[in-house]
2 protein chains.
Amino acid sequence: MRRFVIGRGRNFLNRSHQQNLLSSSSSHCQSRFLSSTSVIDSPSSSSMAPTSSPAITVDSLNPKVLKCEYAVRGEIVSIAQRLQQELQTNPGSHSFDEILYCNIGNPQSLGQQPITFFREVLALCDHPSILDRSETQGLFSADSIERAWQILDQIPGRATGAYSHSQGIKGLRDTIAAGIEARDGFPADPNDIFLTDGASPAVHMMMQLLIRSENDGILCPIPQYPLYSASIALHGGTLVPYYLDEATGWGLETSEVKKQLEAAKAKGITVRALVVINPGNPTGQVLAEENQRAIVEFCKKEGLVLLADEVYQENVYVPEKKFHSFKKVSRSMGYGEKDISLVSFQSVSKGYYGECGKRGGYMEVTGFSAEVREQIYKVASVNLCSNISGQILASLVMSPPKVGDESYESYCAERDGILSSLARRAKTLEDAFNSLEGITCNKAEGAMYLFPRIQLPEKAIKAAEAEKTVPDAFYCRRLLNATGIVLVPGSGFGQVPGTWHFRCTILPQEDKIPAIVTRLTDFHKNFMDKFRN
Amino acid sequence: MRRFVIGRGRNFLNRSHQQNLLSSSSSHCQSRFLSSTSVIDSPSSSSMAPTSSPAITVDSLNPKVLKCEYAVRGEIVSIAQRLQQELQTNPGSHSFDEILYCNIGNPQSLGQQPITFFREVLALCDHPSILDRSETQGLFSADSIERAWQILDQIPGRATGAYSHSQGIKGLRDTIAAGIEARDGFPADPNDIFLTDGASPAVHMMMQLLIRSENDGILCPIPQYPLYSASIALHGGTLVPYYLDEATGWGLETSEVKKQLEAAKAKGITVRALVVINPGNPTGQVLAEENQRAIVEFCKKEGLVLLADEVYQENVYVPEKKFHSFKKVSRSMGYGEKDISLVSFQSVSKGYYGECGKRGGYMEVTGFSAEVREQIYKVASVNLCSNISGQILASLVMSPPKVGDESYESYCAERDGILSSLARRAKTLEDAFNSLEGITCNKAEGAMYLFPRIQLPEKAIKAAEAEKTVPDAFYCRRLLNATGIVLVPGSGFGQVPGTWHFRCTILPQEDKIPAIVTRLTDFHKNFMDKFRN
């Protein structure tokens, strides 16, 4: 019987405690919720002497925060940042000359260039007073100038510095809805779009709405992108894991999901939603349409909200697979608003655009009652609105240049150059991992990651235990110290107990890939020589 | 004995229920927190037949979300949006030709122009490839080009499209820390700065860290900016109100704070922090330094975190008052890291810049242990980073052009023009309110708001009750329907029971102020004629 394990040997930023994110019934989560009123009204006059309260200690913080983990920026990254500083202040202090961040889907940090058209429009919207100047014609493409005017006309008073409607600027939502319609072939409603600062705040918003207590569960794939486990922990819910099947290319079996749902119910958990990440993170698979239909059918039957993480919708690298949105799939099955509650998350951070720093994205929310929608709107309102540049960019990625536009050819060349290079990098790294002793690696059909499995020798596992470290973190830390390559241990994403993995992005620029492969290979050989049984 | 009341007669977006944000022990907050583990591990095999779960109903949502309110974008604004649509589709359908949004501190939505230098730098950072082009010299000032280069050089790989460090780009934090030092005359550490998407997410972050349950309280001024009540509700804590004294210009008496703290303690509440908004929102007062010292002393003595909302630090309109940061005040008292836990919030949305749509801001976090800091860092990491344009803008507002820079004179003219105009508008509106029957209005020494008190006639209060509406909302709704002017009822901010107020921004452009005064005056006369006792 397998047991779900996610965690590391050392806590975030080296603070050592043995707490495990999801597999232990942590003492930290035994928060008391007393029945007293949450209101203090007028004081009864009191003559108590003031006593000095204790200062804020870490143990007095919200236990949900203490419980939360986020491996993608965890301990390994902290070590990497330290090494980078050492290399800066003391070049030659290590056997490598740079840190290669393969830990996070952050393409532009590794040299990917932004799409020119997108940046032209953003710059013009940031400083509209140059739109009428003659010099601008020479600096910007005609269609970027035209698009900037269109966007400004969609903003009340052309005020790009004003808070917008809580869901985002209506005209931009119109553009996005039109883009979704063009993608799916089914109608999309701009009132269903909530523009957000990237996909993460949108995920938090849905978790905040759905989770009432530890007794509410969210079905998540394992391995999963740790935003989900972090967000569920922060909101005090329970992550109900379902395992992707590594043997079938990280297949998603509804029978497995069903089994886990029933087990959760048997424990008194009310399962509220199912998270699907397609294309997969960290697993890189692209779901087959037939599989998606089964998931839709399952959510409909069980009354689960389907939370569809579709931020990698443009990142598909194999000709035999195609991205289909869950909304398209459910509509093509004849299911409408009344049949299934569905949230689709999209981001400007991924795709070929990779504009992580812009913090743009949206969620498309369908199949909820007007009353529930009001609550979503209210939560969005408390933060006023997402940033306008991110909103504009979200509209651009859903409505890029078209045939006949001045930028069209250069846009296509930039986009296709990035995507075809990513496909080549994915293949090269996949082959490299598969050539290493004890490592097997599924294909990255999509997204930005490989998630190879590593058969760690018993001696390495013992050495890790001696260091009070999870074995995969032990491997990744040694790799980092020896090569400057930053990976994320599989334990940060969850994995079948007794198996070990790591996540590696396919994002380093192509000219760096050969050196990475060489360094990885050399390190791995040495590691195995040292620890081989 | 006065009783704390905050709320409205109708729920957000017209959904009617009688729940009251802080004064009732709402049935919604009786969520059960069972003691079961928060972990689901492997299922015991189950043969339960699948039962279709109910769809998501509003009553099945997180009760903390249901409880939360945010009046600044509440019912009145929804009516205003409807009226605006009616005016667009059917001009002449109302007795006014535009909606005047005086509900929210959103200057650029009402015609305030952005500071040119800031926008030039943002545009150049958005599209750095034009920095080397000759046309750019003609379009942009020399110092904006130079500043853009400086900023790009502070960003690893000059990648403005990459996720940054979770706290924000280090070089920008250096600039901000230098700006704080220049402002305060005391050192500031870039490692204490957390860049955020406006001040709101920073406030949420601190509430998330500090609040464990309903038994944790946060001292907030009443009236307060409803972000605080909303955030405390969302995080499940208890707002412990302390009343500002309207009779002394919304004075903050530590004796009142002390009394409320003791009353809260007597009810078993652990008070964790004290919120101070200076300059005040919605109340517009600027605290005297002596008063600030008393607050610092109080927080130190009681072991409270001081959460200092200082987003209006540039908005001071009276010569006899000056903004002093709480950090400066505490350092000038000789209190350092070990003496007081202090968080200062700043935003690019306010000041003379008013760049609400950019969602930039920061918090400066001092006086916490390394372990607590790690937890703050972790929560920041889960959302990866704030948007880079907002980060850049936060560095610019803390480091504007200096004497000798090409933009310096035009920058000063823009800044001073905005601030002196705001001062004139504040005075004109204050005088107008004070000239109306039954209305008294304190001076707006700072910030962007007036918070006049209105003596509603008994007949009006009865009429409101008959409509199941809070009397101040009754007044504001009638005003909106008659004039197109959008105010926020005082009940959204909290007020001494039996008193009624509304918040009015000072942000409409000066050429519109006379018409607003006329419309307000006419409406008010008619209202009083109709309802006078």
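The values are calculated or read from the model by the stated rules, or taken from the named source; none is laboratory data. None of these values were measured; they are calculated from a predicted model. Cβ atoms come from the backbone with ideal geometry, glycine included; neighbour counts cover every protein chain shown.
Worth a mention:
- Hey, A:Val58 at pLDDT below 50 and among the hydrophobic types (A, V, I, L, M, F, W, C) or not: no
- Some residue of region B:413-422 being more than 21 Å from B:Gly492 (Cβ to Cβ), touching a Leu at 6+ places or on another chain (Cβ under 9 Å), among the aliphatic types (A, V, I, L, M) and touching a residue at least 40 places away in the same chain (Cβ under 8 Å): yes
- The listed residues are B:Glu437, B:Glu406, B:Glu414, and the only one of them that is within 14 Å of another protein chain (Cβ to nearest Cβ) and touching a helix residue (DSSP H, G or I) at 6+ places or on another chain (Cβ under 7 Å) turns out to be B:Glu414.
- Taking the numbered list (1) surrounded by fewer than 22 Cβ atoms within 10 Å (Cβ to Cβ); (2) under 21 Å from the mean Cα position of the chain (by Cα); (3) part of a loop (DSSP other than H, G, I, E, B) in turn, B:Lys350 passes all entries but (1).
Residue-wise test of (1) in contact with a Cys (Cβ under 6 Å, 6 or more places away or on another chain); (2) touching a residue at least 24 places away in the same chain (Cβ under 8 Å); (3) farther than 20 Å from B:Gly251 by Cβ.
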position	(1), (2), (3)
B:Asn442	no, yes, no
B:Tyr449	no, yes, no
B:Lys462	no, no, yes
B:Ala473	no, yes, yes
B:Leu507	no, yes, yes
B:Arg519	no, yes, yes
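- Among residues of region A:204-233 that are more than 9 Å from chain B (Cβ to nearest Cβ), those with a beta-carbon under 7 Å from a residue that is assigned to a helix (DSSP H, G or I) and aromatic (Phe, Trp, Tyr) at least six positions away or on a different chain give the pairs A:Cys220/A:Tyr228.
- Tally, over region B:373-399, of residues that are among the hydroxyl-bearing types (Ser, Thr, Tyr) and either in a loop (DSSP other than H, G, I, E, B) or more than 9 Å from every other protein chain (Cβ to nearest Cβ) (or both): 3
- Tallying residues that are touching a Lys or Arg at 6+ places or on another chain (Cβ under 9 Å), in a helix (DSSP H, G or I) and of a type outside the set (A, V, I, L, M) within region A:497-517 yields 1.
- Looking across region B:361-372, the residues that are of a type outside the set (A, V, I, L, M) and facing chain A (nearest Cβ under 9 Å) come down to B:Gly367, B:Phe368, B:Ser369, B:Glu371.
- Residue in region B:289-305 that is more than 9 Å from chain A (Cβ to nearest Cβ), in contact with a strand residue (DSSP E or B) (Cβ under 8 Å, 6 or more places away or on another chain) and of a type in the set (A, V, I, L, M) present: yes
This table checks each residue for (1) within 9 Å of another protein chain (Cβ to nearest Cβ); (2) within 25 Å of B:Ala199 (Cβ to Cβ); (3) touching a residue at least 12 places away in the same chain (Cβ under 8 Å).
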site	(1), (2), (3)
A:Ile151	no, no, yes
A:Gly157	yes, yes, no
A:Gly161	yes, yes, yes
A:Gly168	no, yes, yes
A:Ala178	no, no, yes
A:Glu181	no, no, no
A:Asp184	no, no, yes
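- Output for region B:103-112, where each listed residue is in a helix (DSSP H, G or I) and either buried (at least 24 other Cβ atoms within 10 Å of the Cβ) or within 7 Å of another protein chain (Cβ to nearest Cβ) (or both): B:Pro107, B:Gln108, B:Ser109
- Residues located in region B:173-197, provided they are part of a helix (DSSP H, G or I) and closer than 19 Å to B:Arg373 by Cβ: B:Arg173, B:Asp174, B:Ile176, B:Ala177, B:Ile180, B:Pro190, B:Asn191, B:Asp192
- Residue that is farthest from A:Pro282 (Cα to Cα) [pool: residues in region A:113-136 that are more than 8 Å from every other protein chain (Cβ to nearest Cβ) and in contact (Cβ under 8 Å) with a residue 12 or more places away in the chain]: A:Leu131
- Taking (1) within 21 Å of A:Gly357 (Cβ to Cβ); (2) at the interface with chain A (Cβ under 7 Å from one of its Cβ atoms); (3) modelled with pLDDT of 95 or more in turn, B:Val348 satisfies each apart from (2).
- Count of region A:69-95 residues which are farther than 23 Å from A:Met448 by Cβ and part of a loop (DSSP other than H, G, I, E, B): 6
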